[in-house]
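Bear in mind these aren't lab numbers, they're just calculated from the coordinates by the rules spelled out. This structure is a prediction, so every number in the text was calculated from the model and none was measured. Positions of Cβ are generated from backbone atoms using ideal geometry, with glycine treated the same way; all protein chains shown enter the neighbour counts.
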Amino acid sequence: MYLLAHAMIGILIGGVIAAIAGDRRVIALAALGAVLPDLIDKPIGHIVLAGTVDYGRIYFHGLTVLFLVLAAGLLLYRYRHRIGLPAVTAGMASHQFFDGMWRHPVEWFWPFFGPLPRHGYSEDYFWDSVLRELTRPSEWLLLFLIAGLFAYLYRRELGTALARLTGTSSRRVLFTALGLAVLAALAVGGRFLL
């Protein structure tokens, strides 16, 4: 599953937790948890451990790390009444579910089923997969959907942040940077779509 699809599922899970807990800040934390396994494991597995494991579903795709984060989250909730880390854990669990990690028992139950096996990916696999994600229209659609959802959900905070930028020169710089970022995204996306 692709990164922003995981993020969207994390947002949906975070919305449920936010409705129960009455704190919408957990939406972003659940979304973070939903993408955290790929953000950590893919670079470690395909870049740092390229000569040994060369696989993007290693530590944070396993139950060991999930249960360690869950235990820390439950302790924080019990003693500090903080719901943030359990929301991150829920996002991580959804990531493992939607990646179908039960089909990879050695990685899912690591280290209990032995060492991580070596996978033989090409040298450029990591960067090729990043480019593959950037060229998928579904990822672009999810990016705009997620950005719109966060802009709506956190509109008060965004309004406050924009109000702090009361100077016209600051606004010009902000809108120029935003406009250049949108143009760059459209140019990159258009190049791959055409």
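Details
- Among HIS81, HIS46, a tally of other beta-carbon atoms within 10 Å of each Cβ gives an order, fewest to most, of HIS81, HIS46.
- Theoretical FRET efficiency, 1/(1+(r/R0)^6), r = Cβ-Cβ of PHE98 and ASP124, R0 25 Å, to 0.05: 0.45
- Along each principal axis, taking the top coordinate minus the bottom one, the Cα set of the stretch 74-117 gives 39, 21, 11 Å in descending order.
- Residues ILE20, ILE9, ILE146, ILE27, arranged from fewest to most other Cβ atoms within 10 angstrom of their Cβ, appear as ILE20, ILE146, ILE9, ILE27.
- For the residues PHE175, PHE126, PHE113, a GNM of the chain with alpha-carbon springs under 10 Å puts the largest fluctuation on PHE175.
- Here is what passes the span test in the chain: the DSSP H helices with alpha carbon length of 18 Å or more along the helix axis and a Kyte-Doolittle mean of 0.5 or above are 3-21, 25-43, 63-80, 84-98, 137-153, 168-193.
- Nearest-20 debye value, the chain charge dipole, Cβ charges on Lys, Arg, Asp, Glu: 880 debye
- Result for the chain in a Gaussian network model with C-alpha springs under 10 Å: among TRP108, TRP127, TRP140, the largest mean-square fluctuation is at TRP127.
- Label assignment, semi-axes √(5λ) of the Cα gyration tensor in Å derived from the structure, set (1) 29, 22, 15; (2) 32, 26, 13; (3) 28, 18, 15: (2)
- Among the GluC sites (Glu not before Pro) in the stretch 97-155, those located in a DSSP loop and surrounded by at most 11 other Cβ atoms within 10 Å of their own Cβ are GLU123.
- Residue-averaged 222 nm ellipticity for the chain, from DSSP H runs of 4+ at -39500 (n - 2.57), nearest 500: -23500 deg cm²/dmol
- Cα centroid separation - the stretch 61-132 against the stretch 133-163, whole Å: 25 Å
- Per-pair calculated FRET efficiency, R0 = 25 Å: LEU39 and ALA151 via Cβ, rounded to 0.05: 0.70
- The residues VAL35, VAL26, when put in order of fewest to most other Cβ atoms within 10 Å, stand as VAL35, VAL26.
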